[in-house]
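Worksheet: the structure to be examined is printed underneath.
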Amino acid sequence: MDLILPDFGLLVWTGLVFSLLFILLAKFAWKPILNAVNAREQKIAEALALAEKTKAEMQALKAENDQILKTARAERDQILKEAKEAANAMVEEAKSKAKDEATKIVESARQNISSEKAAAMADLKNHVATLSLEIAEKVIRQELTADDKQKALADQFASEIKLN
Amino acid sequence: MPQIGKLSSLLQVIVLALSFTVFQASAYASEEKSFNVNEMIMHHIKDAHEWHITGPEHGGVSVYLPVILHDNGFKVFSSKYFYHGKETEVKLNDSTTYHYLEGVGPAKGYGLYHEEIYKLNHEGKLHFQGDHPHNATPTDLSITKNVASLIIGSLLILIIMLSVARFYRKNGAVAPKGIAKFFEPIIVMVRDDIAKANIDHHKYQKYVPYLLTIFFFIWINNMLGLIPIIPGGANLTGNITITFFLAFCTLLVTVFSGNKNYWGHIFWMPGIPVAMKIFMIPIELIGIITKPFALMVRLFANITAGHIIVLALISIIFINKNYAWAGLSVPMALFISVLEILVAFLQGFLFAMLSSLFIGAAVEEAHH
Amino acid sequence: MGIFGSIAALGAGIAVLGAGLGIGRVGGSAVEGIARNPEAASKIQTAMIIAAALIEGVALFGVVVALLGAKA
């Protein structure tokens, strides 16, 4: 029967020791342990949230970078295209300019030539006239007496001479 | 995994200790004339004023614990004055004989019968009537085997938990190492699976220290009880006084944290006819007591039954008086001992779990 | 002891019989539940342990009463 009846002495000791144990544990063990565990859990939760946030930020950053890269690429292409066009235009312009220049030079050369030719022709004409005159003078001096008549005749002859 | 490593080394200790029990018991049996299983088992599972280690009962190697009596002032002396005292025989008329130990030296004037201390009457004898003495009893506040075991167990818990706490105090909120790594998951389990799961989310924190203390107190003392030699082997958590005290604590916590809703359900159960309401009051009132009562009996009976089974299995050898039976009884006792390791944890878990269920029911808010 | 011991042992045996049946049912249903819904295994286990403990508690009442009988 005493197996299932509480014993007074043991009950007193149990009450004493258990209460003391509870107070000591609650104050010096459970409080710091639970605080530390809670703090750590909070820290982990915060770290996870931060990681999630950073990941999202990274995602956004990456998207932004991609966008920037895309724009840059497009811009580069544009610039290249423009440059090519400009170069082409320049070459084309240079070409046409050169052609023009060349044409001009040729033209001026032709003009020069023709003017030189004209001058030379006039010179030649004069020369020929003088020569003819001299010839005629000499001829007429020898043959003719009347100068005026002779000269008119000589001019007529000279103009009849075609130089081309 | 470190836990498994720890468990296996624990198992080794238990195997060694179990074989020690066998040798101890064999020495014991060979010197006694007849081996009484019932007496041996009852002697083990009950409290004592000595901590028996080996050799025959009363006279073998044993730790004599201090006796503290309150009988017109405190008297403190060693229990060896009983165990090494005078063995007295009393014969009654119906030819039944009783043996009790008469104290000598400072224990003079007291007699010890079945670990109970009585005052000797004017003839210097214990007066037996029925099957126990009818002498006056002084208030016995002795450091008995269970009290010593209680103090050792509590110190052990204190040392373990303070070193766990010191780890956190020193290192802050970091990943646990060493002893903290082993105990933290258990502490978190008590907090989350026991307290948080059963008690309202806003109120559970207040009860976590109580549930933790109860869980570790029961678990560690159960484990100590499984070690067959000193400083273990006392049937502490299988003692009705201890389980009564623990269940009473749960009762107090439940009753004092009960809110309006809880008492409303007890004295005026909603949702049933008035006649039933009146009928339900005594039933609910009895329910307040029976729940902790079941807690008390469950722990007591589980642990006591575990001790009885192990001892009974070991006793097979001595009942049959043949050492060959050790081949059967030791493996079976080992199996039960391993099972008891599980039970030791499970009973602590259950006590805390059911306590938290009762507390949870007491603080629950009405949800209509 | 004598006859009382035997009757007490019988009582303990009957208590064990009931508890065995009860815990068997609890365990069987729990395993079935876990097989059907493996994600809920931990919750089912907790509920199973509590239910088993309640049954065991009743059985242990029987054992305690049997112990009382043994001492009488």
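A few comments on the model shown:
- Checking the range B:307-327 against the condition returns a match, with at least one residue being of a type outside the set (A, V, I, L, M, F, W, C), open to solvent by less than 10 Å² (accessible area, probe 1.4 Å) and farther than 20 Å from B:LEU211 by Cα.
- Residue in the range A:71-85 that is in contact with a Pro (Cβ under 9 Å, 6 or more places away or on another chain) and assigned to a helix (DSSP H, G or I) present: no
- Scanning the range B:68-82 for residues being modelled with pLDDT of 85 or more and under 19 Å from B:GLY124 (Cβ atoms) gives a total of 5.
- Qualifying residue in the range B:142-153 (condition: out of contact with any strand residue (DSSP E or B) (no Cβ under 6 Å at 6 or more places or on another chain) and open to solvent by 30 Å² or more (accessible area, probe 1.4 Å)): yes
- Some residue of the range B:241-262 being away from every other protein chain (no Cβ under 14 Å) and part of a loop (DSSP other than H, G, I, E, B): yes
- In this entry, A:LYS53 is excluded by the filter for residues that are under 17 Å from B:ASP192 (Cα atoms) and basic (Lys, Arg).
- Verdict on B:VAL174 being modelled with pLDDT under 95, within 10 Å of chain A (Cβ to nearest Cβ) and buried (at least 22 other Cβ atoms within 10 Å of the Cβ): no
- Some residue of the range B:116-138 being facing chain A (nearest Cβ under 10 Å) and loosely packed, with under 14 Cβ neighbours inside 10 Å: yes
- Residue within the range A:42-55 that is at the interface with chain B (Cβ under 7 Å from one of its Cβ atoms) and of a type in the set (S, T, N, Q) present: no
- Answer residue from the range B:265-276, given it is assigned to a helix (DSSP H, G or I) and open to solvent by 30 Å² or more (accessible area, probe 1.4 Å) and is nearest to the other protein chains (Cβ to nearest Cβ) among those: B:HIS265
The values are calculated or read from the model by the stated rules, or taken from the named source; none is laboratory data. Computed from a prediction, not measured in an experiment: that's the story for all the values here. Here Cβ is always computed from backbone atoms with ideal geometry, including for glycine, and neighbour counts include all displayed protein chains. The protein model used for the area step is the full one, side chains on, heavy atoms only, and it has no ligands, DNA or RNA in it. Shrake-Rupley method; radii C 1.70, N 1.55, O 1.52, S 1.80 Å.
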